[in-house]
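Step one of this worksheet: look at the structure below.
Any read-out appearing in this document is the output of simple, stated calculations on the displayed coordinates, not a laboratory observation. A quick note: this is a predicted structure, and the numbers were derived from the prediction, not measured. We place every Cβ from the backbone using ideal geometry, glycine too, and count neighbours over all the protein chains shown.
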Amino acid sequence: MSAPKLSLREIGKRYQIGSNTEIEAIHRVSFEVMENEICVLLGPSGCGKSTVLRMVAGLEEPSSGAMTLDGRQIEGPGRDRGMVFQAYTSFDWLTVQQNVEYGMRLQHVPAPERARRAQHFLNLVHLSKFAQAYPKQLSGGMKQRVAIARTLANDPEMLLMDEPFGALDAETRWHMQELMISIAEETQTTILMVTHDIEEAIYTADRIVFLSRHPGTVAANIVPAFKLGKRWRRKEEVLELDGYAELERDIMKLMRQQATDEVQAVA
Amino acid sequence: MQYQSPLTPRAKRWLEIRKPISRRTTIILGVSLWAAFFIIWEAAVKAGFVTELLMPSPTRVLSTLAGLLSTPDFLMDIGASMLRIAISFLMACIVAVPLGIAMGTFRVLEAFFNPFMAAWRYLPAPSFIPVLLMWFGTGEGPKLALLFIGVVFFLITLVMDYTKQVRQEFVETSMTLGGNRKQILWTVIVPAVLPNVVVAMRQMMAVSWTYLVIAEIVASTNGIGAMMMRARRFLHTDEIMAGIVVIGVLGLLCDMAFRWLHRLMFPYVEESAR
């Protein structure tokens, strides 16, 4: 087996609250993401899954542990780990095409090459017709597709996604999930995505890392074997597979257990 | 199938909570108070309720204004006032915009400058007039200095606040696309805050006009404010009022120019954010 693309070893994150109180948000989180894998970080709200993702992105610093990408230590944010956020991040002063070209402009890629790559990735997310539009003219789903194209056009080693479809309506959401799978297939991109949506996790993931909370730590590392090691272009096909319902139920129980802990902690 | 005519139409009332009204009604309502104001004013003068010397009629003010606008002296006064605004405002912007953006971007600069700037903001600019007169004499110096002081500290704060409002996700997106500090400043923060910098300028322009009149009334030989003080000496109330009208109209034109500029420069900004 090849070496992992991304590796987290005993990552911890503590926050200082007040002068002498510290809380441990993340406790010894370890997992690996393989090349070309879609790995989904799933867990109840407040488990710190977004914090883990932000640490991988280099936007936050772990208090302990080690993280490597392709064997190299992660030091800070970098273009090898492009991120798509839940909030819309299309730069409103740039057209769709200029948005997609943005990362390449930072890298001083020559204009013709930039335009060519932007066209390619706009095609991939079905937005070629909107290349000259401004973000204010786009719907939420389209804005997220711009963000995905912009990140991929920058040729990252990994695509990080923080609840990318969380703000979208249900229908747009599953279209986007299917689009994400076909893009992952076509571009051979390694993806680490955060979600709290169990269905989304099971449908899209090659591997699910389930985090429990207080402090956030890995409670389960699940490979949904019932998907037979392949990716399914249509969501309903996965929902129909033997084993889907069982996995969904198991994960719900994990979530519920967390919720009960929470209720007990309050009571 | 036959449709019945509607049941009883709903009763129409004038005051409906947040219900939209037609454009025609909006215009009629907007104009009517102004019309009433002028009619009552005119009637009060005609009926002799007020002394015409102290309170000339609106028609009289308008005819005086028309007369004034055809004299080179008055046009020079208007020119002098506008030049003062332009020069002092430009100087204030040159200082405030880069400093405000820098303070809104780097916490270290905010911590260093803001306590200083905040204190100056609470000192009324006109209170500096006596010392400004002592330092700069009676030329253009004290006027420009007053206008500059009156605008610059507020403009710095406004620009800083707008810069801090630039969304963190924009900055972080650029970071994960490989942007370095310089690139993030110039390709994210500056373009993101620019529309609001123009909004801040528009807001401060109104303040600038206020200080202009104060400066010219206190110590000046030319400008619209000086003209009004001269007119007072000869009891030319109509000229004073004509001056007020001119200042009001110029202020309004300035505001409209900035709005137009905003639309022209930033067509991509959501209408609700203007």
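At a glance:
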{"read-out": "Estimated vicinal HN-Hα couplings, Hz - the range B:14-28 in sequence order (Karplus 6.51, -1.76, 1.60; Gly, Pro = x)", "value": "6, 9, 10, 5, 6, 8, x, 10, 6, 4, 4, 4, 4, 5, 4"}
{"read-out": "Those lysines that a straight Cα-Cα span of less than 29 Å connects to A:Lys129, excepting residues fewer than 8 apart in one chain", "value": "A:Lys143, A:Lys235"}
{"read-out": "Antiparallel DSSP beta bridges within chain A, as percent of all bridges there, nearest 5", "value": "50 percent"}
{"read-out": "Under 5 Å, built H, 5+ apart or other chain: amide partners of A:Asn36", "value": "A:Thr190"}
{"read-out": "DSSP bridge pairs, the protein assembly as shown: antiparallel proportion in percent, nearest 5", "value": "50 percent"}
{"read-out": "Cα-only radius of gyration and Dmax that characterise the range B:142-191, units Å", "value": "15.6, 50"}
{"read-out": "Dipole of the protein assembly as shown, positive direction: furthest Cα of B:Ala231, A:Tyr102, A:Val194, with charges on the beta-carbon", "value": "B:Ala231"}
{"read-out": "Average beta-carbon neighbours from other chains, 10 Å sphere, peptide A:87-96", "value": "5"}
{"read-out": "Convex hull (Cα only) mean projected area of chain A, reported in nm² to one decimal", "value": "15.9 nm²"}
{"read-out": "Between 0 and 90°, nearest 10: helix A:96-106 axis offset from chain A longest Cα axis", "value": "80 degrees"}
{"read-out": "CD proxy at 222 nm, helix term only [per DSSP H run n ≥ 4: -39500 (n - 2.57); per residue of chain B; nearest 500]", "value": "-24500 deg cm²/dmol"}
{"read-out": "In range of the label at A:Lys136: residues from the range A:70-97 whose backbone nitrogen is under 19 Å from the point 7 Å along Cα→Cβ", "value": "A:88-97"}
{"read-out": "Amide H contacts under 5 Å for A:Leu211, placed H, 5+ residues apart", "value": "A:Leu42, A:Gly43, A:Ala219"}
{"read-out": "Sum of side-chain charges, A:Ser64 neighbourhood, beta-carbon under 15 Å (Lys, Arg +1; Asp, Glu -1)", "value": "-1"}
{"read-out": "Chain B - percent relative contact order, Cα under 8 Å, separation 6 or more", "value": "23 percent"}
{"read-out": "Value of [θ]222 nm, deg cm²/dmol, for chain A, DSSP H segments ≥ 4, -39500 (n - 2.57) each, nearest 500", "value": "-12000 deg cm²/dmol"}
{"read-out": "Average beta-carbon neighbours from other chains, 10 Å sphere, peptide A:51-60", "value": "1"}
{"read-out": "Rounded to 10°, Cα long-axis angle of helix A:111-124 versus longest principal axis of chain A", "value": "60 degrees"}
{"read-out": "Cα point-scatterer Debye curve for chain B, base-10 log of I(q)/I(0) at q = 0.08, 0.12 Å⁻¹", "value": "-0.52, -0.94"}
{"read-out": "Dipole magnitude of chain B, debye to nearest 20 (Cβ charges: Lys/Arg +1, Asp/Glu -1, about Cα centre)", "value": "780 debye"}
{"read-out": "Per-residue mean of C-beta atoms belonging to partner chains within 10 Å, peptide B:164-176", "value": "6"}
{"read-out": "The range B:171-274: relative contact order in percent, alpha carbon pairs under 8 Å with at least 6 residues between", "value": "25 percent"}
{"read-out": "Those lysines that a straight Cα-Cα span of less than 18 Å connects to B:Lys182, excepting residues fewer than 8 apart in one chain", "value": "B:Lys164"}
{"read-out": "Vicinal HN-Hα couplings computed from phi for the range B:34-47 (Karplus, 6.51 cos²θ - 1.76 cosθ + 1.60; Hz; Gly/Pro x)", "value": "4, 4, 4, 4, 5, 5, 5, 4, 4, 5, 4, 5, 4, 6"}
{"read-out": "Cut-off under 5 Å, modelled amide H: who pairs with A:Ala25 long-range", "value": "A:Lys13, A:Arg14, A:Tyr15"}
{"read-out": "Square roots of five times the Cα gyration tensor eigenvalues for the range B:1-70, Å", "value": "47, 15, 10"}
{"read-out": "The protein assembly as shown: radius of gyration over Cα atoms, expressed as a fraction of 2.2 N^0.38 Å", "value": "1.34"}
{"read-out": "Normalised contact order of chain A, rounded percent, pairs of Cα under 8 Å and 6 or more residues apart", "value": "25 percent"}
{"read-out": "Selected from B:Ala86, B:Asn114, B:Leu133, residue furthest toward positive end of dipole (the range B:70-162; charges at beta carbon)", "value": "B:Asn114"}
{"read-out": "Folded to 0 to 90 degrees: helix A:140-153 orientation relative to chain A principal axis, Cα", "value": "80 degrees"}
{"read-out": "Karplus-derived HN-Hα couplings along the range A:167-178 (A = 6.51, B = -1.76, C = 1.60, θ = phi - 60°), whole Hz, x at Gly and Pro", "value": "9, 9, 6, 4, 5, 4, 4, 6, 4, 5, 5, 5"}
